[in-house]
Amino acid sequence: MNEDNAHSGRTPRVWLLLGHKAGDNNQVLALAEALAWPWDEKRIVYRPWELLANRLLGVTLCGIDRGASSVLQPPWPDLVISSGRRNEPVARWIRRQAPGVRLVHVGRPWAPLDAFDLIVTTPQYSLPSRPNVLENELPMHRLRPERLANEAQRWRARLALLAVPRIAVLLGGNSGACVFTQQKARRLGRLVNGLARSQHGSVLVTDSARTPPGVTDAFLAELDVAVHCHRWGGPREDNPYLGYLGLAEQFVVTADSMSMIAEALFAAKPLFLFSLDDGPHWWRRRYNYRFNALAHRLAMAIGPRRMRRDTARIIRRLVAQGRASWLGEGKPAMSARDPVDETGRAAAAVAALFTTSGA
C-alpha cells in the first residue's frame with residue numbers, strides 16, 4: 001500500500017460491523033474490498049429490546065447479545081465501518097474505548113451526523129450537504145467486470161440452449177409500504193412473457209430472501225417461453241445470479257430493491273423496472289394494512305426525519321436519465337453509460353481520513 005495511506009506508518013486496522021441484513025453487510029464488505037486493507041469481521045447479534053436501549057442510552061452495548069456476538073476488545077481498530085441503526089451504538093461504543101478510531105457509516109444514521117467521520121449515503125435518505133456526507137447515486141456493490149466475466153463463462157454452457165435475448169428477471173419482495181402480492185407477480189409475468197415473445201427470447205428468473213411465498217410460482221405460471229429459474233436458499237455454488245448478470249441481454253427488476261437495480265446497471269444492459277406501488281388508492285387494498293406496510297406509511301407521513309426513506313427519488317432520476325424504463329412503457333437506452341465506480345469513490349474518501357488529519 002502507498003505510504004500516503006498509512007496510519008502512523010502502517011496500514012490501518014479495520015473492523016467491519018456485520019448484522020442480520022444482507023444488503024447492509026454487502027455494502028460494508030464492498031467498501032472494505034475497495035479499500036483493500038486487512039479487516040476483521042465482527043458479527044453482531046441483537047437483543048429484542050435493542051431499539052429501546054439504543055434510543056434511551058445511545059452509546060451502549062446493552063442492545064446486543066455479547067455472548068453470541070464477536071468479541072469486542074483490544075487491540076482496537078483504527079477504522080470501523082458500520083451500516084444500519086442497530087450497529088451505530090456499537091461503533092460509537094468502540095470509539096469511546098479508543099477515541100482515535102475513525103467511524104464510517106453506510107446509509108443513514110439515527111445518531112447526529114457529526115458522530116461519524118464519514119457517512120456514505122444515497123438520495124433516498126435526503127441527508128443534508130455536509131463535509132462528512134458523501135452521497136452516491138446508488139448503493140455500493142461488490143461486482144467487478146472480471147467477476148461477471150468469470151461467472152458468465154461458468155454458466156454459458158448451461159444456459160446456451162435458451163434463446164437470445166435472454167431477459168433476466170430479478171424478483172425482490174415486500175419493502176416499506178410496498179407489498180409484493182401474487183396478483184402483482186402474475187401481472188409481471190404477463191408483461192415479461194409478452195416482452196420475451198415479441199423478441200423470440202427467453203427468461204432467466206431468480207427470487208430473493210425477501211420474496212414472499214407463492215410469488216415466484218405465480219410469476220412462472222404466466223410464462224410460456226423458455227425459462228431458467230433459481231430459487232433463493234439453494235447451494236451457493238449453484239446460484240446463477242452473477243451468471244445471469246453476465247449473460248443476460250436485458251433486465252427486469254422489481255423497483256423495491258435498490259441493490260439489485262445497482263447491480264443490473266453495472267452490467268450495462270437495458271433495464272426495465274416493475275413497480276410494486278399501489279399508488280394513491282393504496283387504502284383500498286386490504287394487504288396494505290399489514291403492520292410493516294402501514295407502519296412505513298405512518299413513519300413517512302408523520303415520523304421524524306431519521307425514519308424516512310424515499311427510494312422513488314433514485315428511481316425518478318434513473319428514468320429521467322433514460323437509464324431505465326417502466327416495463328410496458330417504452331424501451332430504456334440501448335447503450336447504457338459506463339458504470340460509475342461509486343464504491344471506489346467512497347473508498348478514496350475513507351482513505352482521505354488518514355491522509356488529511358495529520359494522523
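The values are calculated or read from the model by the stated rules, or taken from the named source; none is laboratory data. A quick note: this is a predicted structure, and the numbers were derived from the prediction, not measured. Because the Cβ atoms are built from the backbone with ideal geometry, glycine has one as well, and the counts that use them run over all protein chains shown.
Take H200 and tell me if it is more than 28 Å from N288 (Cβ to Cβ), surrounded by fewer than 23 Cβ atoms within 10 Å (Cβ to Cβ) and under 23 Å from the mean Cα position of the chain (by Cα). Judged against the criteria, H200 is not a match. When each of W232, W282 is tested for being under 18 Å from G23 (Cβ atoms), touching a residue at least 24 places away in the same chain (Cβ under 8 Å), among the aromatic types (F, W, Y) and not in a strand (DSSP E or B), the lone residue that passes is W232. Could you tell me whether any residue of region 91-98 is buried (at least 16 other Cβ atoms within 10 Å of the Cβ), in contact (Cβ under 8 Å) with a residue 40 or more places away in the chain and farther than 27 Å from V227 by Cα? Checked region 91-98: at least one residue is buried (at least 16 other Cβ atoms within 10 Å of the Cβ), in contact (Cβ under 8 Å) with a residue 40 or more places away in the chain and farther than 27 Å from V227 by Cα. Selection over region 300-356 of residues that are among the basic types (K, R) and modelled with pLDDT of 85 or more gives a count of 5. Residues that are surrounded by 18 or more Cβ atoms within 10 Å (Cβ to Cβ) and either in the same structural domain as I119 (by TED's automatic domain parsing) or farther than 17 Å from E33 by Cβ (or both) within region 149-158 comprise A152, W155, listed in sequence order.
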